[in-house]
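Here's the structure, in C-alpha cells; my notes come after.
The values are calculated or read from the model by the stated rules, or taken from the named source; none is laboratory data. In this text the structure is predicted, and so the values were computed from the model without any measurement. Heads up, the Cβs are rebuilt from the backbone with ideal geometry, glycines too, and the neighbour counts pull from every protein chain shown. Areas reflect the complete protein model, heavy atoms only, side chains present, ligands, DNA and RNA absent. Shrake-Rupley method; radii C 1.70, N 1.55, O 1.52, S 1.80 Å.
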Amino acid sequence: MPLLAIETSCDETCAAVMSEDARLLSNVVASQEIHEQYGGVVPELASRMHLQHIAGVVRKALQRAEVAPQQLNALAVTHGPGLIGSLLVGLSFAKGMALDLGVPLLGINHLEGHLFSNNISPEGPQPPFLSLIVSGGHSILAYVEDWQRYRILGETQDDAAGEAFDKVARILGLPYPGGPQIEKLAATGNAHAIAFPVARLKDAPFDFSFSGLKTAVLYHVRKALGNAAATLGEAQSLTSLKADIAASFQHALITAILETTVRAHEKYPVASVALAGGVACNKALRAALVKLGEARGFQVFYPPPIYCTDNAAMIARAAVIRLTHPRRANGSAYQLAPQPGLKLGSSE
C-alpha cells in the first residue's frame with residue numbers, strides 16, 4: 001500500500017507517492033517564480049502560493065501514481081525546519097486529509113529528507129556513512145550510524161553555502177537564485193586568480209563558516225570594480241574579471257567543504273559520503289568530492305538535481321525508512337505544530 005508525502009517548507013509545493021517497498025510512483029514540484037523579482041524568498045508570498053497550489057499538486061501526484069486517495073495507507077508531511085507560514089499550509093492540509101481518510105500521519109524532518117535523498121535510488125548509500133547537506137539554509141555534516149540513528153558533527157556558524165552563493169551573486173549583479181548563476185560564470189573564469197580565504201575553525205573542526213569569504217568577495221569587488229572604469233574600459237574585460245571572482249569564490253567554498261570532509265573521514269573512516277541539498281547540484285563540487293573520494297577510498301553519492309532541491313520524494317523516502325526501521329515513538333502526529341528551527345536528530 002502506498003503513502004503520500006507533502007513538502008512545503010520554503011517556496012516549492014511538493015507531493016509524492018511511494019510504495020511501501022520504496023518504489024517512487026510520482027513526484028510533483030510546483031516552483032514559485034514570483035520570488036525572483038525580489039532577489040529572495042518572501043515568506044508571506046510563499047505561504048499564499050502554497051495555498052493556491054497544494055490541492056492541485058496533491059491531485060496530480062495521485063493521478064500520476066494511478067492511486068486513489070482511499071488506497072493510501074499513510075501520509076507524511078514536513079513539519080520543520082522551514083518558514084512557519086509555508087510549513088503550516090502543508091501540515092494543515094496533511095492533517096485534514098489524513099483525518100478524512102482515517103490513515104496515520106507521520107511528521108518528517110526536512111533535513112532528514114535531504115539526508116536520505118540519495119536513498120530514493122535502490123543503489124543509495126548504506127549506513128554507516130557521512131552526509132553533507134549543503135543548501136540555501138543549511139550546511140551540515142552528519143554521521144549516519146544506522147537507519148534512524150544519526151547525529152550532527154558540524155554546522156555553519158554563519159552563512160549557509162547556498163546563502164553565500166546567493167549573496168555573492170547579488171554582489172556581482174547576477175539574478176536570483178545565485179547558485180546556478182555563479183557556477184555558470186565560474187566555468188569561464190580562473191579559479192586561482194584570487195586567493196580568497198578559507199575558514200579553518202580550530203575549536204570546531206567539523207563546522208563551516210562562509211561569512212568571511214562572502215565579505216572578502218565584497219571588498220575585492222569594491223576595489224576591483226572601483227578601478228575598472230579607469231583601467232578596464234571594455235565590457236568584455238569586466239565580464240572576465242567577474243568570471244575570475246566567481247571561479248575563485250567557488251573554489252574557496254569547495255575547498256572549505258573538502259577540508260572539513262577530510263577531517264571527518266579521518267575520525268569516521270566510512271566507505272561512503274553522501275552529498276545532498278540544493279548546492280549538491282553544483283558540478284564543480286560534485287567533481288571535487290568524487291576526486292577526493294578516489295584519493296581517500298570512499299564512494300561519493302549525490303542525487304539527480306530534482307532530488308537535490310526541495311521535493312516530496314525525499315520526504316516519502318524518510319517516511320518509509322521510519323516505518324521500516326521504527327526506533328522512536330512519534331506520538332500523535334495530529335498534535336504536530338510547525339517547527340521552523342527543528343534540528344536534525346531532534347525528537348519528532
Give the residues of the range 178-200 that are open to solvent by 60 Å² or more (accessible area, probe 1.4 Å) and either in a loop (DSSP other than H, G, I, E, B) or β-branched (Val, Ile, Thr) (or both), sorted by residue number. Ala187, Thr188, Asn190, His192, Ala195, Pro197, Arg200
Within the range 180-188, is even one residue in contact with a His (Cβ under 9 Å, 6 or more places away or on another chain) and modelled with pLDDT of 95 or more? yes
What's the total number of residues in the range 257-284 that are open to solvent by 10 Å² or more (accessible area, probe 1.4 Å), in contact with a strand residue (DSSP E or B) (Cβ under 6 Å, 6 or more places away or on another chain) and part of a helix (DSSP H, G or I)? 1
On the given criteria, is His192 farther than 27 Å from Gly39 by Cβ, in contact with a Leu (Cβ under 6 Å, 6 or more places away or on another chain) and not hydrophobic (A, V, I, L, M, F, W, C)? no
Quick one: what pairs do we get from the range 125-142, first residue open to solvent by less than 10 Å² (accessible area, probe 1.4 Å), second of a type in the set (Lys, Arg) and in a strand (DSSP E or B), C-beta under 7 Å, 6+ apart or different chains? Ala142/Arg151
I need the full set of residues from the range 9-58 which are within 14 Å of Leu75 (Cα to Cα) and not small (Gly, Ala, Ser), in order please. Cys14, Val17, Met18, Glu20, Val58
Quick count over the range 285-321, residues being surrounded by 22 or more Cβ atoms within 10 Å (Cβ to Cβ) and more than 17 Å from the chain's Cα centre (by Cα), is 2
Val42 passes all but one of the listed conditions (1) of a type in the set (A, V, I, L, M); (2) without any contact (Cβ under 8 Å) to a residue 12 or more places away in the chain; (3) open to solvent by less than 40 Å² (accessible area, probe 1.4 Å); the exception is number (3)
Kindly evaluate Ala76 against the criterion of being in contact (Cβ under 8 Å) with a residue 60 or more places away in the chain, crowded, with 18+ Cβ neighbours inside 10 Å and either more than 12 Å from Leu4 (Cβ to Cβ) or within 25 Å of the chain's Cα centre (by Cα) (or both). yes
List the number of the failed condition for Val89; all other conditions in (1) over 18 Å from Gln339 (Cβ atoms); (2) open to solvent by 10 Å² or more (accessible area, probe 1.4 Å); (3) touching a Leu at 6+ places or on another chain (Cβ under 6 Å) hold. (1)
Consider the range 5-42. How many of its residues are out of contact with any Pro (no Cβ under 8 Å at 6 or more places or on another chain) and assigned to a strand (DSSP E or B)? 15
In the range 216-254, how many are of a type in the set (S, T, N, Q) and either modelled with pLDDT of 95 or more or in contact with a Ser or Thr (Cβ under 7 Å, 6 or more places away or on another chain) (or both)? 2
Given (1) touching a helix residue (DSSP H, G or I) at 6+ places or on another chain (Cβ under 8 Å); (2) surrounded by 15 or more Cβ atoms within 10 Å (Cβ to Cβ); (3) more than 17 Å from Pro104 (Cβ to Cβ); (4) not small (Gly, Ala, Ser), number of the condition Glu12 does not satisfy: (1)
